[in-house]
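Here the structure comes first, spelled out in structure tokens, and everything after it is commentary.
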Amino acid sequence: MFSNLAIDVALGLIFIYLLYSLLASIIQEMAARLFNARARVLTKALRRLLEDDDRSRDLGAFGRFTFFNWFYELGWSVVYFFAPFQHSPFLKKFYQSPSIRYLGENSASARPAYISPQIFSQTMVHLLRGTLEENQSETAAIRHSLTYNTLQLAPDTIAHLRNLFEDAHYDVDRFRANMETWFNETMTRASGWYRRQTQVWLLILGLGIAAVFNVDSIAIARILMKDKNVREQMVRLAASREPSYAAVTDTLTRKNIFHRDSSYFRQDTSVSMMLKDTALIGVYAILRQDAGDAKNVLGISRDCVTDTTGGKKELRCGFTHPYQKNGWMVLAGWCITALAISLGAPFWFDLLGRVVKFRNLPPQQSAANNGV
């Protein structure tokens, strides 16, 4: 077995970050379900696709600066949270189509979290052709709708649809295939938006969790470096929990709670969303228990303790650990923890597995792996 101070300290920190990253991911997923976050991101992507939702020109000269655009778009995101079809008449008509409307789970989650490319192209064809007149072909109806913009689509959107129809040589099947490609390209970006949004929420949650649980990275590192008994206990705890967290991480990845791939493309997405909240609550309870065990090992707590160092009993509350005397250092430790949590549980789980494997190698083999 290959073991030294640096590896054991790193293993303890990695385990702490994995533990609280999982905890943050569970809380984030519960919030995402409560606010139907996936469906909202999908609506945002479709708004960008069908309504040419570019408002940078509204700011005039200030629209050239990312700083002002960011705050302006943030304001509109609040508007769209409460009124998703504000200034988006065609998007509202798209969602009211029977092929889309009945994909929603219930009245509380009326908008679907996933739309297949085939359903998208089918719905667009139905809207463009409208009600066919007698002896009117589908191709002629679509061509008329695009030529005269009867659906009053945004200029850039109607121009792009006309180009797709012309590229298909006015063949409806090829036109549908072109629209599906267009849809897939936009959904690739939407998946990236959702992952970035998740990372921002993990950062915010990470700071909250660090403050609530007092997960001070600086203090934890100092404890692990200075106290051999605590370090050995933390290493044993990490090694014993690693197999159980392998199953948890794998399950959450397969259920699309961890977004290693697109949350919109996977064919089993509509099934994967059916993971019951009771399962999340069960994992949350396990994580809370392990978090308590880790805190007991480290001795970092904000609980009230009885201090007898002055010769008399005195009840002290707040930051009672000797490594948490400086408030600014505690805040810095929390920020480091929040940044680590924002990297996501899969990152820390992979790193934990590598470090545990390396630590368990015989000294000769570990030296050979390092080229010694």
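Run the quick spin-label model on R236 and L331: label points 7 Å from Cα toward the beta carbon, then report their separation in nm to one decimal.
3.9 nm
Considering only Cα-Cα distances, which of the following residue pairs are longer than 19 Å: K228/K325; K295/K357; K228/K295? Mind dumping the intermediate values first?
Values: K228/K325 22 Å; K295/K357 25 Å; K228/K295 16 Å.
Beyond 19 Å between Cα atoms: K228/K325; K295/K357.
Run the paramagnetic zone check for K357: 7 angstrom along Cα to Cβ, then residues of the stretch 1-44 with backbone nitrogen under 15 Å.
Zone members listed by number: none at all.
If you plug each phi of the stretch 124-133 into the Karplus form 6.51 cos²θ - 1.76 cosθ + 1.60 with θ = phi - 60°, what whole-Hz ³J(HN,Hα) values come out, in order, with x for Gly and Pro?
5, 5, 4, 5, 6, 7, x, 8, 6, 7
Once the Cβ-Cβ distance between A246 and D171 is put in as r, and R0 is 41 Å, what FRET efficiency do you end up with, to the nearest 0.05? Write out the running numbers ahead of the final one.
Details: r = 50 Å, r/R0 = 1.23.
Computed FRET efficiency for A246 and D171: 0.25.
Each reported figure results from applying straightforward, stated rules to the coordinates on display, with no laboratory input. In this text, all values refer to a predicted model and were calculated from it rather than measured experimentally. Positions of Cβ are generated from backbone atoms using ideal geometry, with glycine treated the same way; all protein chains shown enter the neighbour counts.
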